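The values are calculated or read from the model by the stated rules, or taken from the named source; none is laboratory data. Remember, it's a predicted structure, so these values are computed and weren't measured experimentally. For neighbour counting, all protein chains shown are included, and Cβ atoms are generated from backbone atoms with ideal geometry for every residue, glycine included. Note: accessible area is taken over every heavy atom of the protein model, side chains too, but ligands, DNA and RNA are not part of it. Shrake-Rupley method; radii C 1.70, N 1.55, O 1.52, S 1.80 Å.
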Amino acid sequence: MIEFIDVVKTYNMGTTALQGVTMSIEDGEFAFLVGPSGSGKSTIIKLITGEIKPTEGSVHVNDFQLESIKRREIPYLRRSVGVVFQNFRLIANKTVYENVAFAMRVIGARNKEIRKRVPYVLRLVGLEGKERRHPSELSGGEQQRVAIARALVNNPSMIIADEPTGNLDPARSYEIMMLLEEINNLGTTVLVVTHERELVERFTKRVIAIDEGRVISDGMDGYYHYEEQ
């Protein structure tokens, strides 16, 4: 599903964000990627989604070899990877239904498919009955559920949640994590990128910890192996 082999990433200004990262996440897994600010978490996301290429090493995501991926292949890669962002990135003047449907329209889905798929996904994330509301009429937790629905609507094999609870209170954060766990139970691979220690410790999941661009631990122990800076 995801495989990094001896991945190094050095940006143009000379900063080396990753220093020989090797890891793999299998189909159907749920894993946390944790580490302090500047540890390389965002670089890993950008590599998985094809936004950047590695300087050295190999990155394999689904059926794509990302160090040599062609530009025309990137939209197909991104259809297989749904991304949920901390700041939701909803379109303010569109309703809940329209925000989720927009993700399908972008890839050319037919109206018949949209009318069938969007209500199903909104039910899945607990937003049935709120289709006509705008983002400003929703709580933070509800807005994040819309963002998750949008990431799910094109039926990706994998969800990457980048600090999905960073703008939420503890109760809403726990609800969002429970929702992601439910999505994983349905067969979707889930990678949650976070620095929230308390949240990680509440779930018995695989934890991949990185610091200074290196994997420093990888296991099911559910807590950090680094000192927060």
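Considering only residues in the stretch 97-112 that are aliphatic (A, V, I, L, M) and not in a loop (DSSP other than H, G, I, E, B), the one that is farthest from ARG132 (Cα to Cα) turns out to be VAL106. The residues in the stretch 52-63 that are out of contact with any Lys or Arg (no Cβ under 6 Å at 6 or more places or on another chain), at pLDDT 95 or above and of a type outside the set (A, V, I, L, M) can be counted, and the count is 5. Give the residue that is surrounded by the fewest Cβ atoms within 10 Å (Cβ to Cβ), with candidates limited to residues of the stretch 39-95 that are under 25 Å from ARG145 (Cβ atoms) and more than 17 Å from the chain's Cα centre (by Cα). Looking at residues that are under 25 Å from ARG145 (Cβ atoms) and more than 17 Å from the chain's Cα centre (by Cα), I get ALA92. Taking first residues from the stretch 50-74 that are touching a residue at least 60 places away in the same chain (Cβ under 8 Å) and partners that are open to solvent by less than 50 Å² (accessible area, probe 1.4 Å) and not acidic (Asp, Glu), the Cβ contacts under 6 Å between residues at least 6 apart in sequence or on separate chains come to VAL61/ILE2; VAL61/ILE48; ASN62/SER80.
To keep it simple, each residue is scored yes or no on (1) within 21 Å of ARG123 (Cα to Cα); (2) exposed (fewer than 14 other Cβ atoms within 10 Å of the Cβ); (3) modelled with pLDDT of 95 or more.
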residue: ARG172; (1), (2), (3): yes, no, no
residue: ASN184; (1), (2), (3): yes, no, yes
residue: LEU191; (1), (2), (3): no, no, yes
residue: GLU198; (1), (2), (3): no, yes, no
residue: THR204; (1), (2), (3): no, yes, no
residue: ILE208; (1), (2), (3): no, no, yes
residue: GLY213; (1), (2), (3): no, no, yes
residue: TYR223; (1), (2), (3): no, yes, no
residue: GLU228; (1), (2), (3): no, yes, no
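Among the criteria (1) on the phi < 0 side of the Ramachandran plot; (2) open to solvent by less than 10 Å² (accessible area, probe 1.4 Å), the one MET178 does not fulfil is (2).
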